[in-house]
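S.K.: Quick one: structure below, then a few questions.
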Amino acid sequence: MTSPTTQQPPGRIVRKAVLPADGDSILEIFSAAKAIMRAAGNASQWSDGYPSLEVVRSDIEKGGAFVVADNGLIVAYFAFLPSPEPTYAEIECGQWLDDVLPYHVVHRIASVPEAHGIFRSVIDFCFRHDRNIRIDTHRDNHIMQHVILRHGFTYCGIIHLANGDERLAYQRIDT
C-alpha cells in the first residue's frame, strides 16, 4: 500500500534529538504520553522509569533519536532505528510480511496531547527514508493499535522483548 506524502502542518519539522538541550522536553513528553496511556486503561506499559534519558542517549548513539517540533516547540519524540531488531528475530502466532529485506523500526512514539497528527508526521518521515517499516505496541495500547492499522500497517504476530514481555507486531512495506 503506497500512501501519498501528506503536507506537514505549518511550522512542523522533524529533526534529530540533541542532549542535553532537548532532554527536559523529551522527559515531559514521555510523562504526558504515560498519562494518556494510563487514562486509556494501559497501566503497565512504560513503567519503572522507562523510557529514560539513557534510552534516548542510546537512540542518539545509534543515529535514530528524533523530535517533532511545532513552531520551535518540541511536541513529540520517536526512535527510528535500522534493522536488525533483536526482539523481532522470532515472531509467534503469525509471520512478518517479508523476513528478508532490511527494514527500520519505529519505537517510543510519544507526544503531548495538544499536538495532532503526530503519528502521520512520524510515519511520513520514516517512509521517506525506508519503504519497509516495522513497529510494535503493548496489547493494552489500543490507541496505538488503532493508529498503526489506520496508517496501513498489517498485524503480523507477537514478539517478545528482552525481558520476556509480549508486544503486538506490525509491518508495512510500500512499493
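S.K.: Across segment 80-103, what is the number of residues that are within 17 Å of residue 128 (Cα to Cα) and surrounded by 14 or more Cβ atoms within 10 Å (Cβ to Cβ)?
M.R.: In the first step, residues of segment 80-103 are kept if they are within 17 Å of residue 128 (Cα to Cα); the result is 80-83, 101-103.
Imposing the further condition that a residue be surrounded by 14 or more Cβ atoms within 10 Å (Cβ to Cβ) reduces the set to 80-83, 103.
Number satisfying all stated conditions: 5.
S.K.: Please go through segment 29-66 and give me each residue that is of a type in the set (Phe, Trp, Tyr) and open to solvent by 40 Å² or more (accessible area, probe 1.4 Å), ordered by number.
M.R.: Across segment 29-66, the qualifying residue is only 50.
S.K.: Look through segment 67-79, keep the residues that are open to solvent by 10 Å² or more (accessible area, probe 1.4 Å) and not β-branched (Val, Ile, Thr), and return whichever of them is nearest to residue 26 (Cα to Cα).
M.R.: Restricting to residues being open to solvent by 10 Å² or more (accessible area, probe 1.4 Å) and not β-branched (Val, Ile, Thr), the top hit is 73.
S.K.: Say we look at segment 6-25 and pick out the residues that are touching a residue at least 60 places away in the same chain (Cβ under 8 Å) and hydrophobic (A, V, I, L, M, F, W, C); which of these is surrounded by the most Cβ atoms within 10 Å (Cβ to Cβ)?
M.R.: 17
S.K.: A follow-up question, please. Can you name every residue in segment 120-130 that is part of a loop (DSSP other than H, G, I, E, B) and of a type in the set (Lys, Arg)?
M.R.: Passing the criteria: only 128.
S.K.: Identify all residues within segment 131-170 that are outside any strand (DSSP E or B), open to solvent by 30 Å² or more (accessible area, probe 1.4 Å) and in contact (Cβ under 8 Å) with a residue 40 or more places away in the chain; write none if there are none.
M.R.: Within segment 131-170, 131, 140, 142, 143, 161, 162 qualify.
S.K.: Look at segment 104-130 and say how many of its residues are open to solvent by less than 20 Å² (accessible area, probe 1.4 Å) and closer than 18 Å to residue 158 by Cα.
M.R.: Number of matching residues: 2.
The values are calculated or read from the model by the stated rules, or taken from the named source; none is laboratory data. This one's a predicted model, so the numbers in the text were calculated from it and none came from an experiment. Quick reminder, even Gly has a Cβ in these numbers, built from the backbone with ideal geometry, and neighbours come from all protein chains shown. Ligands, DNA and RNA are excluded from the accessible area calculation, which covers all protein heavy atoms including side chains. Shrake-Rupley method; radii C 1.70, N 1.55, O 1.52, S 1.80 Å.
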